[in-house]
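S.K.: Can you keep this structure in mind? I'll have questions shortly.
The values are calculated or read from the model by the stated rules, or taken from the named source; none is laboratory data. Since this is a predicted model, take the numbers as computed values, not measurements. Positions of Cβ are generated from backbone atoms using ideal geometry, with glycine treated the same way; all protein chains shown enter the neighbour counts. For the accessible areas, the whole protein counts, side chains as well, though only heavy atoms, and no ligand, DNA or RNA atoms are used. Shrake-Rupley method; radii C 1.70, N 1.55, O 1.52, S 1.80 Å.
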Amino acid sequence: MLSIRNLQASVDGKPILKGLSLEIGKGEVHAIMGPNGSGKSTLAHILAGRDGYQVTGGEVIYRGKDLLDMPTEERAREGVFLAFQYPVEIPGVSNIYLLKAALNAVRKHRGEGELDAMDFLKLVKERMKLVEMDEQFLYRPVNEGFSGGEKKRNEILQMAVLQPSLGILDETDSGLDIDALRVVANGVNALRGPERSLMVVTHYQRLLDYIVPDHVHVLAGGRIVKSGDRSLALELERRGYGWIEDELRATGS
Amino acid sequence: MEAAAEIKDHYRSDFERLRDGLPGGRIPWMKRRREAALARFAAQGFPTVRDEAWKYTDTGVIARRTFTTASPPARAALARGDLAAFTIPGLDCHRLVFVDGRIAPELCDLDALPAGAAVGGLAAALEGDAAGVEKLLGRLADDDGNGFAALNTAFMTDGVCLRLADGVALERPVHVLHLSTADTDGTAVHPRNLVALGRGSRAVLIETYAGLREAAGLTNVQSEVLLGEGAELEHYKLQQESAKTFHIADTGVHVPAGARYRAHGIDAGGRLVRNGVRVRIDGAGAECELNGLYVLAGRQHVDNHTVIDHLKPDGVSREFFKGVLEGHARSVFSGKVIVHPDAQHTDARQTNHNLLLSENAEADTRPQLEIYADDVKCAHGATVGQLDPDALYYLQSRAIDEDAARSLLIYAFANDVIGRLSLEPVRSYLERTLTERLLHGRRVEDLI
Ligand SMILES: Nc1ncnc2c1ncn2[C@@H]1O[C@H](COP(=O)(O)OP(=O)(O)OP(=O)(O)O)[C@@H](O)[C@H]1O
Ligand SMILES: [Mg+2]
């Protein structure tokens, strides 16, 4: 599904990703953990296609194509979806408007026809149930005045409507209360399938109790410095990140 | 500043040419007022950038030319079919049409007016009820401070005269079309509008200013709105003149106790446009709301200049102006709010947001609050900015192409004002005409 090979990127000349490699297979869920400022969101945005990063080396192959070569919207149409750590407020554009524009753009790209208003509404309402969101949110401007948790739920709603092949969840759990965390995790789990891969960025092992990952990686200093199974997340929860750095120093890498 | 000799001479001789044919030409008080106004114009000339109120709008391009007042058309210049481009689909309304500043009776629809409603042209009102008009006309004029207004009083030809007795609700809106047909430069029209609503009366007035051809003409409008206690007027002004036209408008409004004035000024056309609005909040609980949207490109210049005087307690004023500017367009918003010592518990709020779509566009925004009462709520906010790159990225990350994302954000920005209009047909009409212009021909429906 996704091959990141030796990716190097900087912002304003400051290197952030320093040779990051990661393979995500079809249907797999990979958790990315790592200290603040280590480059997790940077990685997510580079994959999603945000401007302002200079990729200075390496490559990203997504379903056999050079991902970094595609315009942002084309990545989305090809099935890449980023649930933002900080979802953007868009005054004057209603949620339903955005969902419809997005879904139609994706469907058109796939060679499917646009959904008529009735079918669209039916689909959206069904997906709203999945994340237990009230219908009133459809008619509110995108994320404007939403609480932190409501914004995160809204991201997952969009993902549920767009049905991406690669979902990148950037700290979707932060800002969620305990019940909301369960709801959102259930929503994400309902989207799991053999054709859909997920990259889940989180600081907390708790989310991984719900969304059980196949692999856990530690991103530190712009690289994946350790990979393991879910037990790695438990170990990180217990011991923090310091021991990994010690280990790295010891091995001299 | 005194008008230059050749300017004075030009307007004097134009006045001599027309004098007897101007409305009320045989009414002594009207003649005197016109003469006095012409003298005032000669004494003060056109405003210059040295006048504080005109600091950002140089009307030199108007002062340097000589505009000749349009003569009454020899025959009907327009047929009903010509109006289609300016009417509002689905709007059930009374209609008044002025062509080159004179009423075109064959194009008007004034059936089924309720008792107590007098709606028609000002010239006809002067003929039929000079004494009634005398009591109202000029009460809110700006002739002393503003050369354009004085020139309007000297040359006024016609305009809407809407008078309602006490307690009359005019259910259907009145749509007034001010159309100019000039196809050569240098023609002036001086429309004059008079609205007087009795106590507790209600009306909706929609004015459209448009030209049929592209010509460097001058539309010099003056309007007076006198509301009775508890009266309500919703006043739309849709300015869609040609890209060469100079459009100078001034509106004086008196809002007594319990009355409410809501205005929506939408500027899409014009080369140089000035909308002066002066509102007197002059009774307990009087309210006014001024909304504005300007959508400009090329070298258009639009100046919204509002002055709200809160004279009595418990008044409410709201101003909400937004602009989208492309090319070398330039906008000015100056909003002055004066809260006089008696006007305790005034609640005044003012907002002006500008979206610049090009590096060469420029928006100036100048809130001015003068507060002489101690227990008041006044707030203002202004921004000048570009499209939010984060919002663009967010939309693109949701599969929407960059062009559509830009359009969607521009549309959303402008629609914030259009959404405030009460009349659905006017909203749809503006959504179509304005946003299609904003979106360069793309239909709103295609975005969703
Ligand atoms: N536009 C920018 N300009 C300068 N520095 C930037 C910019 N964007 C990111 N950075 C820096 O890049 C580094 C990585 O940031 P990033 O947001 O990717 O971290 P993160 O791992 O997601 O952290 P967190 O866990 O706190 O969300 C940080 O040091 C950050 O300050
Ligand atoms: Mg982050």
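S.K.: Can you find a residue that is under 15 Å from B:T69 (Cα atoms) and either of a type outside the set (K, R) or open to solvent by 10 Å² or more (accessible area, probe 1.4 Å) (or both) anywhere in the stretch B:196-215?
M.R.: The first filter runs over the stretch B:196-215 and keeps only residues under 15 Å from B:T69 (Cα atoms), leaving B:215.
Still in the running and either of a type outside the set (K, R) or open to solvent by 10 Å² or more (accessible area, probe 1.4 Å) (or both): B:215.
Scanning the stretch B:196-215, I find at least one residue that is under 15 Å from B:T69 (Cα atoms) and either of a type outside the set (K, R) or open to solvent by 10 Å² or more (accessible area, probe 1.4 Å) (or both), so the answer is yes.
S.K.: Residues that are within 21 Å of A:L17 (Cα to Cα), of a type in the set (S, T, N, Q) and at the interface with chain B (Cβ under 10 Å from one of its Cβ atoms): does the stretch A:58-80 have at least one?
M.R.: yes
S.K.: Could you tell me which numbered condition B:S242 fails, if it satisfies all but one of (1) under 29 Å from B:L311 (Cα atoms); (2) touching an Asp or Glu at 6+ places or on another chain (Cβ under 7 Å); (3) surrounded by fewer than 24 Cβ atoms within 10 Å (Cβ to Cβ)?
M.R.: (1)
S.K.: Mind checking which residues of the stretch A:169-216 are among the charged types (D, E, K, R), touching a residue at least 60 places away in the same chain (Cβ under 8 Å) and surrounded by 15 or more Cβ atoms within 10 Å (Cβ to Cβ)?
M.R.: Correct list: A:D170, A:E171, A:R192, A:R196, A:D214.
Every residue, every condition in (1) within 25 Å of the chain's Cα centre (by Cα); (2) within 9 Å of chain A (Cβ to nearest Cβ); (3) over 25 Å from B:T306 (Cβ atoms); (4) without any contact (Cβ under 8 Å) to a residue 12 or more places away in the chain, yes or no:
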site	(1), (2), (3), (4)
B:R366	yes, no, no, no
B:H380	yes, no, no, no
B:T383	yes, no, no, no
B:Y393	no, yes, yes, yes
B:A399	no, yes, yes, yes
B:A405	no, yes, yes, no
B:D416	yes, yes, no, no
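S.K.: Which residues, taken from the stretch B:90-115, are open to solvent by less than 10 Å² (accessible area, probe 1.4 Å), within 21 Å of B:S201 (Cα to Cα) and not aliphatic (A, V, I, L, M)?
M.R.: Within the stretch B:90-115, B:H94 is the sole residue that qualifies.
S.K.: In this structure, is B:A104 over 24 Å from B:V253 (Cα atoms) and assigned by TED's automatic domain parsing to the domain that holds B:G276? Step through it out loud before you land on a result.
M.R.: On the way: over 24 Å from B:V253 (Cα atoms): yes; assigned by TED's automatic domain parsing to the domain that holds B:G276: yes.
Considered against the rule, which asks whether it is over 24 Å from B:V253 (Cα atoms) and assigned by TED's automatic domain parsing to the domain that holds B:G276, B:A104 comes out as yes.
S.K.: Can you tell me how many residues in the stretch B:375-434 are of a type in the set (V, I, T) and in the same structural domain as B:A343 (by TED's automatic domain parsing)? Walk me through how you get there before you give the answer.
M.R.: First, the residues of the stretch B:375-434 that are of a type in the set (V, I, T): B:376, B:383-384, B:400, B:410, B:417-418, B:426, B:433.
Remaining after also requiring in the same structural domain as B:A343 (by TED's automatic domain parsing): B:376, B:383-384.
Of the residues in that region, 3 qualify.
S.K.: Just for the stretch A:206-245: of the residues that are of a type in the set (D, E) and within 20 Å of the chain's Cα centre (by Cα), which one is farthest from A:L169 (Cα to Cα)? Show your work before the answer.
M.R.: The initial filter retains those residues of the stretch A:206-245 that are of a type in the set (D, E), namely A:209, A:214, A:229, A:235, A:237, A:245.
From what's left, within 20 Å of the chain's Cα centre (by Cα): A:209, A:214, A:229.
Working: A:D209: 16, A:D214: 15, A:D229: 18 Å.
If we take residues in the stretch A:206-245 being of a type in the set (D, E) and within 20 Å of the chain's Cα centre (by Cα), then A:D229 is farthest from A:L169 (Cα to Cα).
S.K.: Report whether or not A:R238 is surrounded by 14 or more Cβ atoms within 10 Å (Cβ to Cβ) and at pLDDT below 95.
M.R.: It is false that A:R238 is surrounded by 14 or more Cβ atoms within 10 Å (Cβ to Cβ) and at pLDDT below 95.
S.K.: Any chance you could count how many residues in the stretch B:82-124 are in contact (Cβ under 8 Å) with a residue 24 or more places away in the chain, over 22 Å from the mean Cα position of the chain (by Cα) and assigned to a helix (DSSP H, G or I)?
M.R.: 4
S.K.: Can you tell me which condition A:E150 does not meet? The list is (1) open to solvent by 10 Å² or more (accessible area, probe 1.4 Å); (2) touching a residue at least 24 places away in the same chain (Cβ under 8 Å), and all the others hold.
M.R.: The one condition A:E150 does not meet is (2).
S.K.: If you don't mind, there's one more thing I want to ask. Somewhere in the stretch A:157-168, is a residue touching a residue at least 60 places away in the same chain (Cβ under 8 Å) and away from chain B (no Cβ under 14 Å)?
M.R.: no
S.K.: Tell me yes or no: at least one residue of the stretch B:43-52 is touching a residue at least 60 places away in the same chain (Cβ under 8 Å) and among the β-branched types (V, I, T).
M.R.: For the stretch B:43-52, residues touching a residue at least 60 places away in the same chain (Cβ under 8 Å) and among the β-branched types (V, I, T): absent.
S.K.: If you don't mind, another one. In the stretch A:68-76, is there at least one residue being outside any loop (DSSP other than H, G, I, E, B), within 13 Å of ligand 2 (Cβ to nearest atom) and not polar (S, T, N, Q)?
M.R.: Here is the first cut: in the stretch A:68-76, the ones outside any loop (DSSP other than H, G, I, E, B) are A:68-69, A:72-76.
Then keep just the ones that are within 13 Å of ligand 2 (Cβ to nearest atom); that gives none.
Taking every residue of the stretch A:68-76 in turn, none turns out to be outside any loop (DSSP other than H, G, I, E, B), within 13 Å of ligand 2 (Cβ to nearest atom) and not polar (S, T, N, Q).
S.K.: For the stretch B:391-415, what are the residues that are among the charged types (D, E, K, R) and assigned to a helix (DSSP H, G or I)?
M.R.: Of everything in the stretch B:391-415, those that are among the charged types (D, E, K, R) and assigned to a helix (DSSP H, G or I) turn out to be B:E402, B:D403, B:R406.
S.K.: Kindly indicate whether any position in the stretch A:13-21 is in contact with a Phe, Trp or Tyr (Cβ under 6 Å, 6 or more places away or on another chain), open to solvent by less than 50 Å² (accessible area, probe 1.4 Å) and within 16 Å of ligand 2 (Cβ to nearest atom). Give the steps one after another, and end with the answer.
M.R.: Step one: of the stretch A:13-21, the residues in contact with a Phe, Trp or Tyr (Cβ under 6 Å, 6 or more places away or on another chain) are none.
No, there is no match, as no residue in the stretch A:13-21 is in contact with a Phe, Trp or Tyr (Cβ under 6 Å, 6 or more places away or on another chain), open to solvent by less than 50 Å² (accessible area, probe 1.4 Å) and within 16 Å of ligand 2 (Cβ to nearest atom).
S.K.: So which residues in the stretch A:26-50 are open to solvent by 20 Å² or more (accessible area, probe 1.4 Å), more than 6 Å from ligand 1 (Cβ to nearest atom) and either at pLDDT below 95 or away from chain B (no Cβ under 14 Å) (or both), if there are any at all?
M.R.: Within the stretch A:26-50, A:K26, A:G27, A:E28, A:P35 meet the criteria.
S.K.: Among the residues of the stretch A:101-133, what is the count of those that are assigned to a helix (DSSP H, G or I) and surrounded by 15 or more Cβ atoms within 10 Å (Cβ to Cβ)?
M.R.: 15
S.K.: Separate question: Looking only at residues that are away from chain A (no Cβ under 14 Å) and either outside any helix (DSSP H, G or I) or open to solvent by less than 60 Å² (accessible area, probe 1.4 Å) (or both) in the stretch B:437-448, which one is modelled with the highest pLDDT?
M.R.: Narrowing the stretch B:437-448 to residues away from chain A (no Cβ under 14 Å): B:437, B:440-441.
After this cut, where a residue has to be either outside any helix (DSSP H, G or I) or open to solvent by less than 60 Å² (accessible area, probe 1.4 Å) (or both) as well, the list is B:440-441.
Details: B:H440: 66, B:G441: 60.
Only one residue fits best here, namely B:H440.
S.K.: Something else now. Return the residues of the stretch A:1-12 that are open to solvent by less than 30 Å² (accessible area, probe 1.4 Å) and away from ligand 2 (no atom under 16 Å from the Cβ); say none if nothing qualifies.
M.R.: Answer for the stretch A:1-12, where residues must be open to solvent by less than 30 Å² (accessible area, probe 1.4 Å) and away from ligand 2 (no atom under 16 Å from the Cβ): A:L2, A:S3, A:I4, A:L7, A:S10.
S.K.: Looking at B:R40, is it at negative phi, surrounded by 13 or more Cβ atoms within 10 Å (Cβ to Cβ) and in a helix (DSSP H, G or I)?
M.R.: So B:R40 fits the description; yes.
S.K.: Another question, if that's okay. When you go through A:L98, A:L68 one by one, which is the residue that is away from ligand 1 (no atom under 16 Å from the Cβ), open to solvent by less than 10 Å² (accessible area, probe 1.4 Å) and either aliphatic (A, V, I, L, M) or farther than 15 Å from A:M199 by Cβ (or both)?
M.R.: Unique residue meeting the criteria: A:L98.
S.K.: Also: Would you call B:E207 of a type in the set (D, E) and in contact with a strand residue (DSSP E or B) (Cβ under 9 Å, 6 or more places away or on another chain)?
M.R.: Working: of a type in the set (D, E): yes; in contact with a strand residue (DSSP E or B) (Cβ under 9 Å, 6 or more places away or on another chain): yes.
So B:E207 passes the test.
S.K.: Under 22 Å from A:G228 (Cα atoms), touching a Ser or Thr at 6+ places or on another chain (Cβ under 8 Å) and more than 14 Å from ligand 1 (Cβ to nearest atom) - does that describe any residue in the stretch A:72-85?
M.R.: no
S.K.: If A:H217 meets every condition in (1) within 16 Å of ligand 2 (Cβ to nearest atom); (2) away from every other protein chain (no Cβ under 14 Å); (3) out of contact with any helix residue (DSSP H, G or I) (no Cβ under 7 Å at 6 or more places or on another chain); (4) within 29 Å of A:E135 (Cβ to Cβ) apart from one, which number is that one?
M.R.: For A:H217, the exception is condition (4).
S.K.: Would you please name the residue that is farthest from B:L430 (Cα to Cα), looking only at residues in the stretch B:379-403 that are small (G, A, S) and open to solvent by 10 Å² or more (accessible area, probe 1.4 Å)?
M.R.: B:A379
S.K.: In the stretch A:22-58, what residues are farther than 20 Å from B:S397 by Cβ, within 16 Å of ligand 2 (Cβ to nearest atom), not in a strand (DSSP E or B) and not polar (S, T, N, Q)?
M.R.: Of everything in the stretch A:22-58, those that are farther than 20 Å from B:S397 by Cβ, within 16 Å of ligand 2 (Cβ to nearest atom), not in a strand (DSSP E or B) and not polar (S, T, N, Q) turn out to be A:G34, A:P35, A:G37.
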